[in-house]
Each structure stands twice: as C-alpha cells, then as structure tokens.
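Q: The structure that follows is given in the form of structure tokens.
No lab work stands behind these numbers, since they all come straight from the coordinates. Quick caveat: nothing in here was measured; it's all calculated off a predicted structure. Using ideal geometry, Cβ is built from the backbone for each residue, glycine included, and neighbour counts are taken over all protein chains shown.
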Amino acid sequence: MNFHYVSAAVVGLSVVVALALARPSINLRGDRFKPLTYEEMTPPQKTLIDHLLAGERRGSTEGPFNVFLRSPEMGDAAQQLGAQIRFHSSLPRKLNELAIITTARYWGAQFEWTAHSRSAAQAGVSAAVIDAIANGKRPTGLAPDEEAVYNFCHELLSTKQVSDATFKATVGVVGERGAVDLIGAMGYYSLVSMALNVDRYPLADGAKPELKPLP
C-alpha cells in the first residue's frame, strides 16, 4: 500500500474527528420556535451557545435559549445577566430561589416552575411553602427573611408597587443591594417565563404540568 495514500487518509480522518469533537453537542427543545442544530446556526447564534456551554450552567441549554437564539445578541446579554442573578446574587440561595418560584408561579411558567421548585427545595425552602405558592396561597410559617422577600415579590408582582413598610422590611433583611437583586431576579425570570410561555416550551418527556390554573 502506498505510504502517501495511507498518510493522506489518516490526516483526513483526523480532520473529520477533530471537527466532530469541536462541534458542541446540544439538545435544544421548542414548540413554536423550531429547535436549531449547531450546524444551521449563524456565527452570533453559535457565540451564544458557546458562551452557554462554557459558563456556569454546566453545559445546559434548556429553557429559553432556543428562543433567545432568534435574537442572539440580546440572548447572549440576557444569559450573562441570568448567570449573574443565579450564581452571583448578594441574596442567599434560599431567598433567591424563593423569588424565582414566586415569579414563575405569577407567570404560570411550567418549565421554570418545575426546574426551580426543585432548586428551591434543595436550597432550604420548605415543601409547605413551595406547595402554598404553587396553589396561589400565601405561605404560612415563613422565617422572617423569607417573609420579607415573599412580601416584596408578591406585592411588586401583584400591585406593580411596593409599600414603604414592605420596602423598609426588605432592606432591613437583605440591604439595598439585596432589594435591587430581588428586582433583577423577578425581571430576568419574568423575561424567561414570557419566552417560555410564548414558545409553549415543552416539558421533558413523561413530565406533567405541576401548576394548575388559578381562579
């Protein structure tokens, strides 16, 4: 066998393998927005995915990112904001997740609720509190810091305002930065929830919606 032909074949195979390894493995889902493959993405869309895969979400592309790909520059800025809110908030994780599930319940965002109700439980939010929020009821037995955060989130979402008493109580517990981080969490997860609701984002295979319509 000709050595040059063998060498060329080996080099060609190496290139194919290298390209395959360089191509990220992604598993996007969607309904109204068709799930994209990496091969059919534009360079800005690939940049968004590359940043997601290299970030703190452990390679996950679930959630709103297939929607965000349609406006990839906005989507990339949004995912950076989301990472800041989720992983670097000044709020303790328990309070951050409490704000997130309160927002997800407000929007009736099934996927967001399914994902973050688990995260809230892992962070120390009690099952009774999670169940009450899921059912649109005010939780009982809240710790003082949880009560301040819940009151702030519920009042802002339901009335579009926050009273002086609620603001003072919240700042007394989490500080001014914490109050702003609460606003950021509700704002970002409202964006996520709206994207998921517009897309009619599907739950994982076999999963059933956990949120029932509220009166």
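Q: Being touching a Gly at 6+ places or on another chain (Cβ under 6 Å), farther than 22 Å from LEU214 by Cβ and assigned to a helix (DSSP H, G or I): is that true of LYS94 here?
A: yes
Q: SER89: free of Cβ contacts under 8 Å to residues at least 24 places away in the same chain, among the polar types (S, T, N, Q) and not in a helix (DSSP H, G or I), yes or no?
A: On the way: free of Cβ contacts under 8 Å to residues at least 24 places away in the same chain: no; among the polar types (S, T, N, Q): yes; not in a helix (DSSP H, G or I): yes.
In short, no.
Q: Under 8 Å between Cβ atoms, which residue pairs at least 6 apart in sequence (or on different chains) link something in the stretch 116-127 that is outside any helix (DSSP H, G or I) with a partner that is exposed (fewer than 15 other Cβ atoms within 10 Å of the Cβ)?
A: Note: pairs meeting the criteria are SER126/GLY141.
Q: Considering the stretch 26-72 alone, what residues qualify as being of a type in the set (D, E, K, R) and under 18 Å from MET194 (Cα atoms)?
A: Of all residues in the stretch 26-72, those of a type in the set (D, E, K, R) come to 29, 31-32, 34, 39-40, 46, 50, 56-58, 62, 70.
ARG29, ASP31, ARG32, LYS34, GLU62, ARG70 - these are the residues of the stretch 26-72 that are of a type in the set (D, E, K, R) and under 18 Å from MET194 (Cα atoms).
Q: Suppose we filter the stretch 170-209 for residues that are among the hydroxyl-bearing types (Ser, Thr, Tyr) and in a loop (DSSP other than H, G, I, E, B); how many remain?
A: In the first step, residues of the stretch 170-209 are kept if they are among the hydroxyl-bearing types (Ser, Thr, Tyr); the result is 170, 188-190, 193, 201.
Subsequent filtering for residues that are in a loop (DSSP other than H, G, I, E, B) retains 201.
Summing the residues that are among the hydroxyl-bearing types (Ser, Thr, Tyr) and in a loop (DSSP other than H, G, I, E, B) in the stretch 170-209 gives 1.
Q: Within the stretch 154-178, which residues are exposed (fewer than 14 other Cβ atoms within 10 Å of the Cβ) and of a type outside the set (D, E, K, R)?
A: So in the stretch 154-178, the residues exposed (fewer than 14 other Cβ atoms within 10 Å of the Cβ) come out as 158-161, 163-165, 168, 172, 175-177.
Matches in the stretch 154-178: SER158, THR159, GLN161, SER163, ALA165, GLY172, GLY175.
Q: While we're here: Quick check on this structure: which one of ASP181, ASP199 is farther than 22 Å from ILE85 by Cα and buried (at least 16 other Cβ atoms within 10 Å of the Cβ)? First the steps, then the outcome.
A: Details: ASP181 fails: farther than 22 Å from ILE85 by Cα.
After applying the criteria, what remains is ASP199.
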